[in-house]
Structure formats: structure tokens, C-alpha cells
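Engineer: Below is the structure I would like to discuss, written out as C-alpha cells.
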Amino acid sequence: MLTIDVAELSPAQLQNYMQYAIAPRPICFATTIDKDGNINLSPFSFFNMFSTNPPLCIFSPARRVRDNTTKHTLENVLEVKECVINIVNYPMVQQMSLASTEYAKGVNEFEKSGFTMLPSQLVKPPRVAEAPVQMECIIREVIHLGENPGAGNLILAEVKLIHIKEEILDTDGKIDQAKIDLVARLGGDWYCRVTPENLFKVAKPLTTLGIGVDALPSAVRNSHVLSGNDLGMLGNVEHLPSADEIDAIRDTEPVKEVLDATIGDANNRERELHELAKQWLKEGKVNEALKVVLL
């Protein structure tokens with residue numbers, strides 16, 4: 001394993017390692033305005049939500065690594081403590097990237113990138129009409145993390161109004177993760193796209209108490225077939241099955257085939273049972289998989 005002392009890296013080198021490793025990152029496409037009415041539109045991937053009560057997002061226009069200058073977005077929110085956070089999806093990504101060009105102060109990135117300005121209801125900066133979600137925010141605080149190149153400036157933005165395009169909602173009026181078509185920043189020029197094909201769910205143990213991987217037999221924990229993800233699914237069940245439940249799984253056709261084919265061959269039997277369990281885990285049959293590995 002490569003071990004790096006960050007003190008030995010330049011800010012540019014450190015930024016490269018961190019941006020490739022800490023990813024994907026959501027994108028804050030921020031609209032701001034200065035005291036003279038000049039509008040700025042710029043994306044930031046140092047961004048996330050940090051509270052729902054109050055509803056608070058934080059994004060960070062860092063000082064430029066190459067020359068230690070600050071960005072117009074930071075200068076604007078220090079003058080007019082309002083912004084709009086526009087969420088970026090795939091149909092916007094190329095125009096959004098164009099808006100990141102470092103145009104001179106006073107140049108409107110809406111015009112340069114071809115986006116449509118939509119008047120906000122509570123704040124002065126306009127919204128991006130093409131964005132699937134637009135959040136009008138007031139700036140509660142700006143925290144300067146340093147004066148050196150690469151130093152962040154945390155902008156604490158409290159969400160006051162949220163505008164959501166109806167075409168990304170499901171029948172319950174909630175955002176459909178498969179419809180919003182989000183993109184996120186990776187390292188360098190890389191992005192990723194959240195499509196239905198690469199979405200998956202992981203059951204949250206919020207109301208249940210998983211038995212834990214440590215409650216599984218050592219032969220299961222040390223399996224050459226089952227992965228860490230597989231063990232995590234097995235350890236998330238609430239209790240081990242009874243001896244009768246385990247015994248009953250023998251009568252299912254896939255298990256009978258493995259048992260009949262491996263009579264007298266304990267090593268292959270365990271491996272093939274674990275292979276079957278792994279397949280069932282992929283299909284979401286967690287309880288059945290657990291019974292198989294406990295045979």
C-alpha cells in the first residue's frame with residue numbers, strides 16, 4: 001500500500017489524490033449576484049447537505065491553487081448573502097462545464113453557457129430554468145479555512161424554497177431516483193452518471209438489529225466464495241434460523257442437486273453451497289442464502 005505524507009505534496013498533487021479518491025461528489029451549480037447586480041453562475045463539487053432542521057447545504061469555493069486568488073462566487077456572497085443551488089443532471093452537464101470557464105467579472109455565464117435565467121421568488125440571484133431542482137437559499141455564514149492556495153471557504157446556505165420539475169416525481173410526489181438522471185464529479189475530467197442500470201438498494205438497519213458478521217460460523221466468515229458485501233447482507237438479518245428451518249432448505253431443488261452431486265466430498269460441497277448462497281444473495285433471497293451456508 002502506498003502511504004503518503006501530505007506535507008510532502010504540493011497543493012496540486014494533494015488535490016489530485018483527494019479528488020480521485022473522495023468521489024463521486026454532487027455538484028452545486030450556484031447562482032450568485034454582487035452588490036452592483038452582476039450575476040455569476042458557477043459549479044462546485046465541494047458540496048453536500050449537512051442538516052435538514054434547519055435545511056442547510058455547504059459548498060466551498062476554494063482559493064485557486066495556481067495563483068491563490070478567490071472566485072467571484074465567494075466575493076458575491078460576501079456582498080449579497082443569497083444564492084440559488086441548482087442541481088445538475090445529465091442533459092445539463094456540458095453547458096454546466098462551460099459555465100465553469102473563468103470569465104472576467106461582469107460576464108454573465110448564463111449567456112455564455114446558453115442557460116435560461118428564471119426569476120427567483122425570495123432571493124435576488126436567478127434560477128437555472130433547465131435544472132431539475134432549484135433551491136433558493138440565504139447565506140448564514142462563510143467560514144474561511146485559510147489564506148493559502150487551495151484553502152476552502154465554507155458557504156453555509158440555508159434552503160428557503162425548493163422548486164422541483166414534476167417530470168422527475170413519482171406517483172407519490174417524491175423525487176424518483178431513476179428519473180432525475182444525476183451526474184457527479186470524480187477526479188480530473190471524469191464524471192459519472194446515475195442511470196437506472198447502475199442503481200441498487202441496500203437495506204438500512206434502522207429499525208432492526210442485525211446479528212453481525214461475528215455471529216456467523218467461522219467457515220462462513222472465512223469463505224473463499226463469499227465477499228465482504230455478501231457477509232454484510234448475511235450479518236444484517238435479525239436472528240439465525242432455527243435448526244428445523246435450516247434442515248427444511250435441504251428439500252429445495254437447487255440445494256438437493258448440490259447435496260446429491262457432492263456426496264462424500266465435503267470441500268466441494270461447502271464451496272458449491274456457498275456459490276448457491278452467493279447467487280441467492282444477488283437475487284435478494286437473504287434468508288434462504290443464510291440457511292444454505294448454515295447447512
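Engineer: Cα axis of helix 11-21 to longest principal axis of the chain: angle in degrees, 0 to 90, nearest 10?
Structural biologist: 40 degrees
Engineer: Please work out the Cα center distance from the stretch 178-218 to the stretch 221-291, rounded to the nearest Å.
Structural biologist: What the calculation gives is 24 Å, centre to centre.
Engineer: Would you pull out the residues with amide H under 5 Å of Phe29's amide H, same chain only if 5 or more places away, H placed 1.01 Å from N?
Structural biologist: Phe44, Asn86, Val88
Engineer: Now for a separate question. Please state the charge dipole magnitude for the chain, taken about the Cα centre, from unit charges on C-beta atoms (+1 on K and R, -1 on D and E), reported in debye and rounded to the nearest 20. Before the final figure, lay out each step's value.
Structural biologist: On the way: 29 positive and 40 negative charges, 186 e Å.
Result for the chain is approximately 900 debye, rounded to the nearest 20.
Engineer: A further question follows. Ordering Thr52, Thr262, Thr208 by accessible area with a probe of 1.4 Å, largest first, what comes out?
Structural biologist: On the way: Thr52 105, Thr262 5, Thr208 50 Å².
Correct descending sequence by accessible area is Thr52, Thr208, Thr262.
Engineer: Here's another thing I want to ask about it. Whole-Hz ³J(HN,Hα) for each residue in the stretch 215-229, computed from phi via Karplus 6.51 cos²θ - 1.76 cosθ + 1.60 with θ = phi - 60°, x for glycine and proline: what do you get?
Structural biologist: 7, 7, x, 4, 5, 7, 4, 9, 4, 7, 9, 7, 8, x, 4
Engineer: So, one more: In the chain, carbon and sulfur make up what percent of the accessible area (probe 1.4 Å)?
Structural biologist: On the way: 8870 of 17050 Å².
The computed percentage sits at 52.
Engineer: Using only helices, what value at 222 nm comes out for the chain when you add -39,500 (n - 2.57) per DSSP H run of length 4 or more and divide by the total residues, to the nearest 500 deg cm²/dmol? Could the numbers behind the result be given before it?
Structural biologist: Details: 11 runs with 86 residues, N = 295.
Only helices count here, giving -7500 deg cm²/dmol.
Engineer: Determine the gain in length on full extension of the stretch Asp36-Asn108; use 0.36 nm per residue of separation and subtract their C-alpha separation, reporting nm with one decimal. Please list the in-between numbers first.
Structural biologist: Details: separation 72, 0.36 × 72 = 25.92 nm, distance 1.30 nm.
Additional length available on full extension: 24.6 nm.
Engineer: Determine ³J(HN,Hα), in whole Hz, for all residues of the stretch 283-295 in sequence, where each value follows from phi through the Karplus function 6.51 cos²θ - 1.76 cosθ + 1.60 and θ = phi - 60°; x replaces Gly and Pro.
Structural biologist: 8, x, 8, 5, 5, 5, 4, 5, 4, 5, 6, 8, 4
Engineer: Using per-residue counts of other Cβ atoms within 10 Å, averaged over each peptide, order 94-104, 117-127 from highest down.
Structural biologist: The peptides rank, most packed first, as 117-127, 94-104.
Engineer: Give the cross-link partners of Lys160 among the lysines, using a straight C-alpha distance below 19 Å as the criterion and excluding same-chain residues fewer than 8 apart.
Structural biologist: Cα-Cα hits under 19 Å: Lys81, Lys124, Lys174.
Engineer: Under a 1.4 Å probe, what is the accessible area of the stretch 144-223 per residue, stated in Å²?
Structural biologist: Details: 5420 Å² over 80 residues.
Ligands and nucleic acids excluded, the result is 68 Å² per residue.
Engineer: Moving on. Mind running the shape call on the stretch 32-121? Use the C-alpha gyration tensor, a ≥ b ≥ c as the square roots of the eigenvalues: rounded below 1.5 for a/c, prolate if a/b tops b/c, oblate otherwise. Could you put the intermediate results ahead of the total?
Structural biologist: Working: a/c = 1.24, a/b = 1.11, b/c = 1.12.
Here the stretch 32-121 falls in the rounded category.
Engineer: Would you tally the net charge around Pro132, using a Cβ to Cβ cut-off of less than 13 Å, leaving Pro132 out, and scoring K and R as +1, D and E as -1?
Structural biologist: On the way: positive: Arg127, Lys165, Lys179; negative: Glu130, Glu166, Glu167, Asp176, Asp181.
The answer is -2.
Engineer: Between Leu169 and Ala21, 0.36 nm times their residue separation minus their Cα-Cα distance comes to what?
Structural biologist: On the way: separation 148, 0.36 × 148 = 53.28 nm, distance 3.18 nm.
Length gained between Leu169 and Ala21: 50.1 nm.
Engineer: Could I ask something else about it? Along the charge dipole of the chain, pointing to its positive end and built from +1/-1 on Cβ of Lys, Arg, Asp and Glu, which listed residue (Phe200, Ile155, Pro217) has its Cα farthest out?
Structural biologist: So the residue furthest toward the plus end is Ile155.
Engineer: Using 0.36 nm per residue of separation minus the Cα-Cα distance, give me the extension gain between Arg193 and Asn287 in nm, one decimal. Display every interim value, and only then the final one.
Structural biologist: Numbers: separation 94, 0.36 × 94 = 33.84 nm, distance 3.26 nm.
Stretched out fully, the Arg193 to Asn287 stretch lengthens by 30.6 nm.
The values are calculated or read from the model by the stated rules, or taken from the named source; none is laboratory data. Keep in mind that this is a model prediction, so the values were computed, not measured. Quick reminder, even Gly has a Cβ in these numbers, built from the backbone with ideal geometry, and neighbours come from all protein chains shown. Side chains are part of the model used for accessible areas, which takes the heavy atoms of the whole protein and leaves out ligands, DNA and RNA. Shrake-Rupley method; radii C 1.70, N 1.55, O 1.52, S 1.80 Å.
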